[in-house]
Amino acid sequence: MNDTARGVGQAVDMSEAFALAQDARDELASLRQQFHFPASKTGTTLYFVGNSLGLQPKSVRGALEQELDDWARLGVEGHFAAKHPWLPYHEEVREPLARLVGAKPNEVVAMNSLTTNLHLLMVSFYRPTTSRYKIVIEDTAFPSDSYAVQSQIDYHAKFAGFDRAKGLIRLKPREGEATLRTEDILASIDRERDSIALIMLGGVNYLTGQLFDIATITKFAQDRGIVAGWDLAHAAGNAHLKLHDWNCDFAAWCSYKYLNSGPGAVAGAFVHERHTQDAKANAALPRFAGWWGNDPATRFKMGPDFSPVQSADAWQLSNPPVLALAPLRESLALFDRATIAKLRAKSVTLTGYMEQLLHSTAVAKRLRVLTPTDPVQRGAQLSLVIEGATRQTSHALLERGVYCDFREPNVIRVAPAPLYNSFHDVWRLVQVMNEVFR
Ligand SMILES: Cc1ncc(COP(=O)(O)O)c(C=O)c1O
């Protein structure tokens with residue numbers, strides 16, 4: 001960590017020259033040129049919503065045109081003869097995806113959308129009994145996660161014979177605090193150690209930006225016979241994940257945020273290989289099946305019996321959506337160029353710089369940052385509660401070229417994405433915020 005990431009309260013150089021000097025020595029700075037920035041009325045776009053929808057890599061258009069041309073030129077033969085043959089298309093993203101989330105290639109697959117993947121994985125890994133049936137989530141979990149886990153609980157409650165109303169444990173911060181303490185998460189798990197079947201937290205909470213200690217929580221839960229699954233929507237491409245080493249049971253994430261693969265992009269899933277490497281155990285897992293989850297060696301024998309491949313691919317249902325996967329492949333190539341380790345190092349510095357600037361200007365008097373100050377406990381995003389700010393505030397910011405977002409009841413989220421945001425972007429953002437809140 002360099003001098004721009006000192007703790008809050010320490011002096012920060014407020015000058016524009018300092019921001020420009022930081023950019024000049026940033027070895028990732030040129031990657032910004034690889035993205036399209038949307039227009040703004042001021043002519044200067046400050047894009048801080050990569051945690052919502054990442055920018056379009058410039059290479060995406062060409063990649064899509066390639067597939068469209070191959071389709072026009074080759075028709076069905078494109079499955080074998082396209083520049084990137086369509087039949088094994090999903091395999092093109094396997095290795096970069098594995099590198100990105102710290103997995104082995106056989107543990108990841110790009111498929112479907114996030115909530116769909118969470119459901120498919122819960123079909124296999126949420127196996128409640130009469131006594132062990134509860135699911136743990138954050139109280140501020142993204143709504144889709146709340147709906148997904150409650151519907152899984154409801155689905156099983158009748159058959160397994162437990163009370164659906166007692167099925168969900170929502171973790172709340174202490175009175176007066178915005179984020180969860182690891183010790184409190186562990187204590188809650190321990191309290192209900194014999195009745196919890198699954199913990200399924202967001203790796204980075206969407207509202208507060210808190211990055212959880214995934215390794216510690218996973219181990220603690222598993223030591224008590226609890227399955228540990230993670231929603232990594234806000235963590236993939238943001239935090240430096242080590243899903244294999246951390247021994248997570250499963251995870252899923254979307255690719256339209258930090259992964260820049262476009263609106264509604266194909267999501268990702270991780271299943272630890274210890275669930276698939278034993279052929280019998282793999283076949284015995286309850287699983288909703290489709291032909292693309294079948295062992296490729298026998299897939300085209302077209303038999304009626306499902307024989308799951310021994311990897312995360314076993315959860316695939318359908319043949320790969322080529323036009324949707326092309327942007328993901330292009331985006332992952334940029335992550336490979338940068339490497340997640342370097343991106344994370346820049347991100348820690350960039351977000352620290354933003355926090356320091358915010359605390360050093362006039363906005364500070366009206367500002368509360370919900371996100372933890374400790375870089376280990378956060379990704380790129382800062383969640384700001386600013387006295388007097390409403391949904392209209394984000395519109396006023398947009399008028400001045402700032403893309404950020406507002407989440408009910410009162411949170412403005414700003415996320416400098418290290419792939420394309422600069423120190424100068426951050427410096428300008430803080431100038432505009434001061435102007436708007438003056
Ligand atoms: C943490 C989290 N979980 C789930 C979702 C839902 O994703 P999808 O609509 O791709 O299923 C989102 C969407 O932003 C999210 O941020």
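Numbers below:
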{"item": "Span from the segment 244-312 Cα centroid across to the segment 114-129 one, whole angstrom", "result": "12 Å"}
{"item": "Whole-number percent relative contact order across segment 1-141, with pairs defined as alpha carbons under 8 Å at least 6 apart", "result": "9 percent"}
{"item": "Virtual paramagnetic centre 7 Å along Cα→Cβ of Asp184, amide N under 20 Å, in segment 198-229", "result": "199-218, 220-221"}
{"item": "Length-normalised contact order of the chain in % [C-alpha pairs under 8 Å, at least 6 apart]", "result": "25 percent"}
{"item": "Neighbour-count order for Thr298, Thr208, fewest beta carbons within 10 angstrom listed first", "result": "Thr298, Thr208"}
{"item": "For segment 398-438: rounded, prolate or oblate by the Cα gyration tensor [a/c cutoff 1.5]", "result": "oblate"}
{"item": "26 Å Cα-Cα threshold exceeded, pairs from Lys257/Lys280; Lys104/Lys257; Lys257/Lys346; Lys257/Lys342", "result": "Lys257/Lys280"}
{"item": "Residues whose placed amide H lies under 5 Å from that of Ser422, excluding near-sequence neighbours", "result": "none"}
{"item": "Nearest 10 degrees, 0 to 90: helix 59-74 Cα axis against the chain principal axis", "result": "30 degrees"}
{"item": "Radius 12 Å from Cβ of Ala338, net charge of other residues (Lys, Arg +1; Asp, Glu -1)", "result": "+3"}
{"item": "Mean Cα-pair separation over length for segment 108-193, i.e. relative contact order, pairs under 8 Å, 6 or more apart, %", "result": "29 percent"}
{"item": "Amide hydrogen neighbours beyond the local backbone of Tyr403, cut-off 5 Å, H modeled", "result": "Leu46, Tyr47, Phe48"}
{"item": "Ranked list, fewest to most other Cβ atoms within 10 Å of each Cβ, for Ser311, Ser113", "result": "Ser113, Ser311"}
{"item": "Long pairs among Lys219/Lys242; Lys172/Lys219; Lys134/Lys158, criterion Cα-Cα beyond 19 Å", "result": "Lys172/Lys219"}
{"item": "Prolate/oblate/rounded label for segment 19-151 (Cα gyration tensor, a/c 1.5)", "result": "oblate"}
{"item": "Segment 226-261 residues near the modelled Arg191 label - backbone nitrogen below 11 Å, point 7 Å along Cα→Cβ", "result": "none"}
{"item": "Approximate spin-label separation Ser318-Phe300, in nm, with each point projected 7 Å along Cα-to-Cβ", "result": "2.1 nm"}
{"item": "Rounded tilt (10° steps) of 182-191 against the dominant C-alpha axis of the chain", "result": "30 degrees"}
{"item": "Sorted by Cβ density within 10 Å, fewest first, the residues Tyr206, Tyr155", "result": "Tyr155, Tyr206"}
{"item": "Residue list for segment 357-376, given a label point 7 angstrom along the Cα-to-Cβ vector of Glu177 and an amide N cut-off under 18 Å", "result": "369-376"}
{"item": "Rotationally averaged projected area of the chain (alpha carbon convex hull; nm²)", "result": "22.2 nm²"}
{"item": "Using alpha-carbon coordinates, inclination of helix 114-125 to the longest axis of the chain, degrees", "result": "40 degrees"}
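Read-outs: derived from the displayed coordinates by stated rules, not from any lab. What you see is a predicted model; the values in this text were computed from it and never measured. Neighbour counts run over all protein chains shown; Cβ positions are idealised from the backbone, glycine included.
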